[in-house]
1. For the stretch 193-281, please list each of the helices (runs of 4 or more DSSP H) lying entirely inside it that holds at least 1 residues being in contact (Cβ under 8 Å) with a residue 60 or more places away in the chain.
2. For residue 94, indicate whether it is surrounded by fewer than 18 Cβ atoms within 10 Å (Cβ to Cβ), without any contact (Cβ under 8 Å) to a residue 24 or more places away in the chain and out of contact with any strand residue (DSSP E or B) (no Cβ under 9 Å at 6 or more places or on another chain).
3. Taking the conditions exactly as written (more than 10 Å from the ligand (Cβ to nearest atom) and either outside any helix (DSSP H, G or I) or more than 30 Å from residue 16 (Cα to Cα) (or both)), does residue 147 satisfy them or not?
4. Of 123, 142, which residue is outside any strand (DSSP E or B), modelled with pLDDT of 95 or more and away from the ligand (no atom under 15 Å from the Cβ)?
5. Determine whether the stretch 46-63 contains at least one residue that is modelled with pLDDT under 95 and either out of contact with any helix residue (DSSP H, G or I) (no Cβ under 8 Å at 6 or more places or on another chain) or within 16 Å of the ligand (Cβ to nearest atom) (or both).
6. Give the stretch 16-37 a look and list any residue that's in a helix (DSSP H, G or I) and crowded, with 20+ Cβ neighbours inside 10 Å, or say none.
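The values are calculated or read from the model by the stated rules, or taken from the named source; none is laboratory data. The shown structure was predicted, so the numbers you read here are calculated from the model rather than taken from an experiment. Cβ coordinates were reconstructed from backbone atoms using ideal geometry, including for glycine residues, and neighbour counts include every protein chain displayed.
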Ligand code: PAF
């Protein structure tokens, strides 16, 4: 695996490779890699000639400074895991490389997506995600970009970014990897105690309860029940339990039995904010 720290050097290298007809697959990450990330690398390996991954904890997407400061870092292990997965190139820039002193933050028109769910509860978060992914896509110019379905809304935001600025890249979304108890794999799980990891299965159980009990008609009571189930299981705060339109994320309060749906959740356990989702139809 070749390590690059400078964007212009990586760009030059990849332009030469694309010129030789190689198809580039890109897996951006913030490190603290787990099986979910490695499944993205495997998916990229299957579909591309050259797999590029990045590790960069992006300061502009953290609306909470404490979350940024406490974001888990396991660089040595990450490098070993990427090498084992036969990742070809690792891009590990520092903050100044991505945001040089002359960097002018762009503003992205994300429309309704930025006003609901993660957009509502984490103001500015998706602008920060777009800033870093836009910079990365400019450097890597991949044919394929691989993201995990755990970040359902982020996938929609990045699809929009691609439409706006990178039409030659195609997004592939890889299913969520879960622990045995159903907990979605996430770098933030590293911050959970063993007991909290067990309690945190309630988020998956809640989403599965929605899937099992979904019926045409009013949905609000089901969401409230699941929200209370999470509080009973030991979550201290629930940002949302939502049943939303699967392709617009508009909340669906009254279901006609046909509209495609996704159930999404965000909740805090011992100060750690977890998100998850399950497509319902
Ligand atoms: O999902 C993540 O890990 C991050 O949001 C991403 C896409 C790497 C951008 O920093």
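1. In the stretch 193-281, 194-199, 201-213 are the helices (runs of 4 or more DSSP H) which contain 1 or more residues that are in contact (Cβ under 8 Å) with a residue 60 or more places away in the chain.
2. No.
3. So residue 147 does not fit the description; no.
4. 123
5. The answer is yes; a qualifying residue exists.
6. Scanning the stretch 16-37 gives 36, 37.
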